[in-house]
Amino acid sequence: GVMAWWLSLRAVGENLPWLASARIHIQANLAKYLPGYAWQLVGKAYLTKQAGLTAEQVGLVMVVELAELFLAGLGLAGLTLPSELLSFLGWQHPGFDPTWLIRLGGGVLLFLFPLGIAWFARRRQKHSPSIVQTRLIYAASGAMLAGWLLDGVCFWLLAGGISPIPVDRLDEFIFILTISLVLGCLIVILPGSFRVRD
């Protein structure tokens, strides 16, 4: 998360030092466990503004980071979607399994969404759109994706510590964790997205 935040800042032309960026992300991150995810966003925006960015710059980088978070999470959830879930929901029909199509869509989303974010950031960067760097948006998105994957692996390891779970079910745990956290982030006012993530 710290790496994705720092790279997102750099991607839109803001060269905030690494330690200042890390401090902002970590201090703001602490806030979400009490009043809810909205306060992390408010805290991060406030602390970044205190570090010298304008309100317009803060707003842009916040949108960029949120887009990276949600789109990386949704893409990874699509890529790791268990076909059993579609059967459970009644979305499979004899002779056609849409799982591969959803997984393909997740993979395409993971590959293309940084381009969409870069395009959006250039349109919003009124004074100097040329400072938006697509490669840094890809790097920040990759860091966000790595975070999602690591969280999913940790969730699988934690569950395996209670009851042995074969490694071929790892993708299910990545899907479960990713989709629950994305949905939890959408409910911004509950403490730590309590109940939604659970």
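The values are calculated or read from the model by the stated rules, or taken from the named source; none is laboratory data. Quick caveat, the model's predicted, so the values are computed rather than measured. Positions of Cβ are backbone-derived with ideal geometry, glycine not excepted, and every protein chain shown enters the neighbour counts. For accessibility, only protein heavy atoms count, side chains too; no ligands or nucleic acids. Shrake-Rupley method; radii C 1.70, N 1.55, O 1.52, S 1.80 Å.
What to note about this one:
- The residue pairs whose first member lies in the stretch 1-17 and is free of Cβ contacts under 8 Å to residues at least 12 places away in the same chain and closer than 19 Å to N29 by Cβ, whose second member is open to solvent by 30 Å² or more (accessible area, probe 1.4 Å) and aliphatic (A, V, I, L, M), and whose beta carbons are closer than 9 Å, counting only pairs six or more residues apart or on different chains, are P17/A51.
- Matching residues, the stretch 112-133, being in contact (Cβ under 8 Å) with a residue 24 or more places away in the chain, among the hydrophobic types (A, V, I, L, M, F, W, C) and open to solvent by 30 Å² or more (accessible area, probe 1.4 Å): F120, I131
- Cross-chain or 6+ apart pairs with Cβ under 7 Å, the stretch 154-168 first and within 20 Å of L181 (Cβ to Cβ), then open to solvent by 70 Å² or more (accessible area, probe 1.4 Å): none
- Unique residue being more than 23 Å from G59 (Cα to Cα) and in a helix (DSSP H, G or I) when the list is V182, V153: V153
- Residue match in the stretch 70-81 (condition: in a helix (DSSP H, G or I), free of Cβ contacts under 8 Å to residues at least 24 places away in the same chain and open to solvent by 40 Å² or more (accessible area, probe 1.4 Å)): no
- Selection within the stretch 17-36 - at pLDDT below 90 and open to solvent by 20 Å² or more (accessible area, probe 1.4 Å): I26, Q27, N29, L30, A31, K32, Y33, L34, P35
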